[in-house]
Structure formats: C-alpha cells, structure tokens
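First the structure, in the form of structure tokens, and then the observations on it.
The values are calculated or read from the model by the stated rules, or taken from the named source; none is laboratory data. From a predicted model like this one, the values you see are computed outputs, not experimental measurements. Please note: Cβ atoms are built from the backbone with ideal geometry, for glycine as well, and neighbour counts cover all protein chains shown.
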Amino acid sequence: MPVVGRILISLGVLFILIGGVFLLAGKIPGIGRLPGDIFIQRKNFTVYVPLATCLLVSVILSFLFWLFGRR
C-alpha cells in the first residue's frame, strides 16, 4: 500500500502544478494569440483552434522532458 500512496501523492502534486500553469498561462502576453492560431467568428458560432500555441507548448514540454529525463 505505501506504493499506491506515493503514486497518489505524486499525481496530486502533478495536478497542482498543471493547475498553476493554467492559471498563469492567461497572464503571459501572446499565448493563445500567436500567428497560426485559427479564430473564426460568425453570427451563430465561434471556432478557435490554437495550432501555433499547441505546437509551441509541445516543443517546450518535449525539451523539458528530454532535459530532465536524461541520466
């Protein structure tokens, strides 16, 4: 059971970190409004597809996982 407890605590800390990133991401200028993000607004609907933002986040996370995953 100690292993399950450690896993649950680790997941909780991970969720707290992810939540903090989401809270702070709205305050970073330019995130969500990069060239390449698709935003279509009409009378009845709005479509927002953040392609460039997703690509940027993916590159940053890949670099961080590569950096901290090395042994």
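Entry remark, region 39-71: residues being over 18 Å from the mean Cα position of the chain (by Cα) and surrounded by 10 or more Cβ atoms within 10 Å (Cβ to Cβ) number 1 in total.
None of Leu55, Leu24 is of a type in the set (A, V, I, L, M) and modelled with pLDDT under 90 except Leu24.
When region 42-60 is filtered for residues that are under 17 Å from Gly30 (Cβ atoms) and not hydrophobic (A, V, I, L, M, F, W, C), the ones remaining, listed by number, are Tyr48, Pro50, Thr53, Ser58.
Scanning region 12-62 for residues that are among the polar types (S, T, N, Q) and outside any helix (DSSP H, G or I) turns up Gln41, Asn44, Thr46.
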